[in-house]
Amino acid sequence: MRFATLEEALHYARAKESQSYHLYRMFEKIVRDPAAAKILSELARQEHGHMKLIDDALERGTVATIGGRSDLTDVSFSDYMPAAEIDERSDVQDVMRHAMKMERMAADLYRQLQHHYEGTALESLFRRLAEEELNHKRILEDQYETHFLQWM
């Protein structure tokens, strides 16, 4: 399935931001390390901010009037979905790997939308979201390396 409109893409992105927010809040409650909990709390706060940015763009009602550089149907939501979901059997490493993939895919989606809407009012929004998602991925990778790769 492909995005038919910018509004559809924004609703999809908003849902993914919400998933990340809830994932970080859940994970924050189960980690024992206070520093890790603080990082997860900050990531959740930032994801909540992303939801607000997207909501603001949708509420302005102008997204339907902003034209892109090419046909938006070239962007497919399946390109930005992790291969496997986490569940109750997932361990901490599974959750961390899943979160890193989610952040990378979110950044890729925003970069694609940034390119598509280059020169419009939305270009800076998508650039900012892409940069922040890549920063989240780096934070998670640093934590993963600190807590898990030292034992490998």
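ARG138 - would you say it is touching a residue at least 12 places away in the same chain (Cβ under 8 Å) and of a type in the set (Lys, Arg)? For ARG138, the condition - touching a residue at least 12 places away in the same chain (Cβ under 8 Å) and of a type in the set (Lys, Arg) - is not met.
Count of the range 103-152 residues, restricted to those that are of a type in the set (Phe, Trp, Tyr), in contact with a helix residue (DSSP H, G or I) (Cβ under 6 Å, 6 or more places away or on another chain) and not in a loop (DSSP other than H, G, I, E, B), is 3.
Looking only at residues in the range 1-32 that are touching a Phe, Trp or Tyr at 6+ places or on another chain (Cβ under 8 Å) and not in a helix (DSSP H, G or I), which one is surrounded by the most Cβ atoms within 10 Å (Cβ to Cβ)? Once the filter is applied, the top-ranked residue is PHE3.
Residues in the range 33-84 that are of a type in the set (A, V, I, L, M) and in a loop (DSSP other than H, G, I, E, B) were compared, and the one that is modelled with the highest pLDDT is ALA84. Residues in the range 93-140 that are exposed (fewer than 15 other Cβ atoms within 10 Å of the Cβ) and within 21 Å of ALA36 (Cβ to Cβ): GLN93, ASP94, ASN135, ARG138. Residues that are out of contact with any His (no Cβ under 6 Å at 6 or more places or on another chain) and either among the hydroxyl-bearing types (Ser, Thr, Tyr) or free of Cβ contacts under 8 Å to residues at least 24 places away in the same chain (or both) within the range 9-29 comprise TYR12, ALA15, SER18, SER20, HIS22, TYR24, ARG25, MET26, GLU28, LYS29, listed in sequence order. Considered as a group, the residues in the range 1-32 that are among the small types (Gly, Ala, Ser) and either in contact with a Leu (Cβ under 6 Å, 6 or more places away or on another chain) or modelled with pLDDT under 85 (or both) include one that is nearest to HIS98 (Cα to Cα), and that residue is ALA9.
The values are calculated or read from the model by the stated rules, or taken from the named source; none is laboratory data. In this text the structure is predicted, and so the values were computed from the model without any measurement. Ideal geometry is used to build each Cβ from the backbone, glycine not excepted, and the neighbour counts take in all protein chains shown.
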